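The values are calculated or read from the model by the stated rules, or taken from the named source; none is laboratory data. What you see is a predicted model; the values in this text were computed from it and never measured. FYI the Cβ positions are ideal-geometry reconstructions off the backbone, even for glycines, and counts take in every protein chain you see.
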Amino acid sequence: MKNNFYNQSLITVDNLTKNDCFMLFERADEMKKLVLEKGGDDRLKRRIMAALFYEPSSRTMGSFITAMQRLGGGFVPVVGTSDSSISKGETLEDTGMVYSSYVDVIVMRHSQPGSVEKLSKKALVPVINAGDGINEHPTQALLDVYTIQNELGKLENLHIVFFGEMGHYRPVNSLAKLLTIFPEVKMTFVSPPEVKLQEPVRQYLRKNNIQFQETDDIKKVINDADVLYVTRVKKEYMAENLYHKIQGKYIVDMNLVHMMKRKSMVMHPLPRVGEIKEEVDKDPRAAYLTKQMPNGMYIRMALLDLILNN
Amino acid sequence: MKNNFYNQSLITVDNLTKNDCFMLFERADEMKKLVLEKGGDDRLKRRIMAALFYEPSSRTMGSFITAMQRLGGGFVPVVGTSDSSISKGETLEDTGMVYSSYVDVIVMRHSQPGSVEKLSKKALVPVINAGDGINEHPTQALLDVYTIQNELGKLENLHIVFFGEMGHYRPVNSLAKLLTIFPEVKMTFVSPPEVKLQEPVRQYLRKNNIQFQETDDIKKVINDADVLYVTRVKKEYMAENLYHKIQGKYIVDMNLVHMMKRKSMVMHPLPRVGEIKEEVDKDPRAAYLTKQMPNGMYIRMALLDLILNN
Amino acid sequence: MKNNFYNQSLITVDNLTKNDCFMLFERADEMKKLVLEKGGDDRLKRRIMAALFYEPSSRTMGSFITAMQRLGGGFVPVVGTSDSSISKGETLEDTGMVYSSYVDVIVMRHSQPGSVEKLSKKALVPVINAGDGINEHPTQALLDVYTIQNELGKLENLHIVFFGEMGHYRPVNSLAKLLTIFPEVKMTFVSPPEVKLQEPVRQYLRKNNIQFQETDDIKKVINDADVLYVTRVKKEYMAENLYHKIQGKYIVDMNLVHMMKRKSMVMHPLPRVGEIKEEVDKDPRAAYLTKQMPNGMYIRMALLDLILNN
């Protein structure tokens, strides 16, 4: 099987195939075993990863930096909350070329959709999109489908119910698009009308003949859900008044979880700010803390390995 | 002797025993030898430390990060001056669980007393308190007693004189409490009346039948001091007018040091902002720059080793 | 040949000799080969570098951190945009002593001229100046002359034309002074009258009997230039109205480059903010992105190696 990740950037999920996913999952399984048995190894020794985070991040940055070091590699942390604090106003293309001179792979988060692709165009090394504004977050989608595969044992004939804010939530975009490559997937998007699924994603689903519906009533679909994918209201991307209107309206508690099938999952990319009550944490369907988080590190280890080694 | 540090969090000095201290000191001696001879070794290879610093730090963070790397380990720097810049509003318990998924040990500083304990409750890996607001700083106290032991050759029958601001100064709390486990220790707290010793520490000393006094007159006790432990006025924790009232009033100069016994010590956790005049630096009793600082790294190396290896 | 870098600080270019430069260049050549063939090696294993950046930096910090890790060493990132965020008001001398207790070498950037020298005075380990305000940036000058040597095959009998803002631009200072050690170098400084070459540099050149001129007309000299060294208007160091007066006036485009000799170079320490049009990037004389940047890492690897190993 061909390693399509080798020496390539990962900007979007758009061109990923089932084969790509399963190759990554197999490598992630290997990484899990490696970490649990030995903590890691030296397969990325003398390889350096630049972590360019123009937006704050703890999960994604933390898991990438740990992933790199568990495989023996090094990292350069470049963190700032604005363009100017990192680049003094230089173009993303220049920044891409500059870091290409030093490191072997670039992981980048930025508030502007399309920014990571822009930087990658002049970069001479692979660039991984760690979130570009309200657009995409491909490694999140990959760890999500990996977690679904592990917990439900399959990725076909599933009903995924997205729940909450969609209008500014990149993990929804990447996951919804990535799910289209698996057979007979059904999706429901349950959101306040002000922050519905983004139009480009809606069109992507239609183009791929995916069965989906949009509603604001979770009760209608919760008992049929295989996965309840909960989102956070992205305060940082919206007007104050809109935030206060929708924050706290879409809450998952045990009343809701009790309506779900015995074999089903509650997921959330985290951080949560009250969207899932703590009472849910101990339910066996709760996958957000104990499944998605460690899988995030294994998937990122696998991805770095596949990109840097053939 | 049992290694009570192994796989445990270190949140407070409260339950530490003399045996714990001496086991740590012995390991720190070994670390000093190791660093001077070879710079370090690989005993923490493939182990990763998260450095969660919600407050600025250079000494503590710098020595922990160096300590980890000198033993072959890796680190994840997570630095921010507010909760939101690190966690976007998630609970400390969630942050604890998330980082537990990635790393082997968490070192944390935060402005809120009790915050580190809170995070540690859901963490699946050991958590080290690197300072929680005005509350505690246990590794500082450990390096302080280690330095006293090294310089004075004993930890019993000593008179420790704390000098300066106590009301918001976590190293005083941790050190005063830790000293209670050593026989016949006497303490004097010399401070402006506005920023006296914190009441919980006073009660802790009383409960442990420790001989101590509080005064605002250093002259009364300086000639009997074995250790003069100087503090910084913690501007970041107090009102502007209180700061200006007490800053610059409690200064250590050679006039004061000349009143001290020949075999005694001047200590300060640093940074100092004028509390000890530079003229004191060359006096053999000055331990803050050339003794406490390197010992900080050796103690943290020893602690990480004892926590992660049995 | 004696390694004059060994165990020494590098604060200024003032005392560097041709032999020093050529020893460094030779080591940098070796580093380039090493990186291209194997990514690096372990010659700095168990050595730790503190990266004290009191000013934002991506290029210099990124290349130093990468350099250290490619040689097997570790690093401590200490980043802040003000004194207080790093040091809570302690003196630079104290900070120097503190970090000396932990690490093997300190790399420092700061907004105040002379600050790095100040810190180095009490430091017990070598300190490398990574830029001190409008004063010096010696490693930039070293990578610049290394790039000139590589591209033009010589460092003598050259005409270097500096172009743009000189009044606040430390790379100009360091490079102009460093060039004085090579025979028959001629320099022209083309700048707006408000931001001419700094007087101490002018005096340094005179003292060393260097042939130089100052003008505001690039047309007069461009056809004789071997190197066109372009600068950025340092917004962060000047008044708003001065910035707007001079920004965008000194632009390099293909019209200008066409006037240059076939065998010549356009250099810029980067970041650029429009001073060199993108159309120039593909011209073979453009050295800023594809030559200077990678050379920056090789030179810093070479320097760290020469300082830490004899």
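For region C:189-198, how many residues meet the condition of being out of contact with any Ser or Thr (no Cβ under 9 Å at 6 or more places or on another chain) and in a loop (DSSP other than H, G, I, E, B)?
Here the count works out to 3.
Considering region B:252-290 alone, what residues qualify as being farther than 10 Å from B:V230 by Cβ and basic (K, R)?
Result: B:K261, B:R262, B:K263, B:K277, B:K282, B:R285.
For B:N150, work out the one condition from (1) surrounded by fewer than 22 Cβ atoms within 10 Å (Cβ to Cβ); (2) out of contact with any helix residue (DSSP H, G or I) (no Cβ under 9 Å at 6 or more places or on another chain) it doesn't fulfil.
Result: B:N150 passes all but (2).
Taking region C:239-278 only, how many residues are within 22 Å of C:V221 (Cα to Cα) and charged (D, E, K, R)?
Final tally of qualifying residues: 7.
Grab the strands (runs of 3 or more DSSP E) fully contained in region A:88-188, keeping just those with 2 or more residues being farther than 19 Å from A:L10 by Cα and not hydroxyl-bearing (S, T, Y).
It comes to A:159-163.
Restricting to helices (runs of 4 or more DSSP H) lying wholly in region B:217-310: which have 2 or more residues that are without any contact (Cβ under 8 Å) to a residue 12 or more places away in the chain?
Fully inside region B:217-310 and qualifying: B:240-246, B:254-258.
Looking only at region A:183-214, filter to residues that are within 17 Å of A:V266 (Cβ to Cβ) and aliphatic (A, V, I, L, M); which one of those is nearest to the chain's Cα centre (by Cα)?
That would be A:M187.
Quickly run through region B:156-166 and pick out the residues that are over 12 Å from B:R232 (Cβ atoms) and either in contact (Cβ under 8 Å) with a residue 40 or more places away in the chain or within 14 Å of the chain's Cα centre (by Cα) (or both).
Within region B:156-166, B:L158, B:H159, B:I160, B:V161, B:F162 qualify.
Working only within region A:215-237, note down all residues that are under 22 Å from the mean Cα position of the chain (by Cα) and farther than 21 Å from A:V145 by Cα.
A:V233, A:K234, A:K235, A:E236, A:Y237
Please tell me if C:E90 is touching a Ser or Thr at 6+ places or on another chain (Cβ under 9 Å) and not aliphatic (A, V, I, L, M).
yes
Consider A:V103 carefully, then state whether it is of a type in the set (V, I, T), at pLDDT 95 or above and more than 30 Å from A:P183 (Cα to Cα).
Yes.
Can you tell me which condition A:L270 does not meet? The list is (1) farther than 30 Å from A:F25 by Cβ; (2) buried (at least 16 other Cβ atoms within 10 Å of the Cβ); (3) among the aliphatic types (A, V, I, L, M), and all the others hold.
(1)
Which members of region B:3-33 meet the condition of being over 11 Å from B:L303 (Cβ atoms), among the basic types (K, R) and within 18 Å of the chain's Cα centre (by Cα)?
If the condition is that a residue be over 11 Å from B:L303 (Cβ atoms), among the basic types (K, R) and within 18 Å of the chain's Cα centre (by Cα), then B:K18 is the only one that fits.
Take the residues of region B:273-310 that are among the basic types (K, R) and over 15 Å from B:H258 (Cα atoms): which is surrounded by the most Cβ atoms within 10 Å (Cβ to Cβ)?
B:R300
Cβ-Cβ distance below 9 Å, separation of 6 or more or different chains: which pairs start in region A:93-105 with a residue that is more than 7 Å from every other protein chain (Cβ to nearest Cβ) and within 16 Å of A:I65 (Cβ to Cβ) and end on one that is assigned to a loop (DSSP other than H, G, I, E, B) and among the basic types (K, R)?
A:D104/A:R46; A:D104/A:R47; A:V105/A:R47
Being in the same structural domain as A:D144 (by TED's automatic domain parsing), within 22 Å of A:L143 (Cβ to Cβ) and out of contact with any Leu (no Cβ under 6 Å at 6 or more places or on another chain) is true for just one of A:I210, A:I251. Which residue is that?
A:I210
Give me the residue from region B:68-92 that is within 7 Å of another protein chain (Cβ to nearest Cβ) and modelled with pLDDT of 85 or more and, out of that set, surrounded by the most Cβ atoms within 10 Å (Cβ to Cβ).
Of everything passing the filter in region B:68-92, B:R70 is surrounded by the most Cβ atoms within 10 Å (Cβ to Cβ).
How about region A:46-79: which of its residues are small (G, A, S) and either more than 21 Å from the chain's Cα centre (by Cα) or part of a loop (DSSP other than H, G, I, E, B) (or both)?
Within region A:46-79, A:S57, A:S58, A:G72, A:G73, A:G74 qualify.
Is there a residue being facing chain A (nearest Cβ under 10 Å), in contact with an Asp or Glu (Cβ under 6 Å, 6 or more places away or on another chain) and either closer than 20 Å to C:A50 by Cβ or buried (at least 22 other Cβ atoms within 10 Å of the Cβ) (or both) anywhere in region B:36-46?
no
Looking at this structure, is C:P171 touching a His at 6+ places or on another chain (Cβ under 8 Å) and over 17 Å from C:M260 (Cβ atoms)?
Yes.
Could you list all residues from region C:179-201 that are surrounded by 21 or more Cβ atoms within 10 Å (Cβ to Cβ) and either in contact (Cβ under 8 Å) with a residue 40 or more places away in the chain or in contact with a Pro (Cβ under 8 Å, 6 or more places away or on another chain) (or both)?
Of everything in region C:179-201, those that are surrounded by 21 or more Cβ atoms within 10 Å (Cβ to Cβ) and either in contact (Cβ under 8 Å) with a residue 40 or more places away in the chain or in contact with a Pro (Cβ under 8 Å, 6 or more places away or on another chain) (or both) turn out to be C:V190, C:S191, C:V195.
Scan (1) surrounded by 21 or more Cβ atoms within 10 Å (Cβ to Cβ); (2) within 11 Å of chain C (Cβ to nearest Cβ) for the single condition B:V252 breaks and write down its number.
Only one criterion is unmet by B:V252, namely (2).
Looking at region A:235-242, is at least one residue of a type in the set (D, E) and touching a strand residue (DSSP E or B) at 6+ places or on another chain (Cβ under 9 Å)?
No, region A:235-242 contains no residue that is of a type in the set (D, E) and touching a strand residue (DSSP E or B) at 6+ places or on another chain (Cβ under 9 Å).
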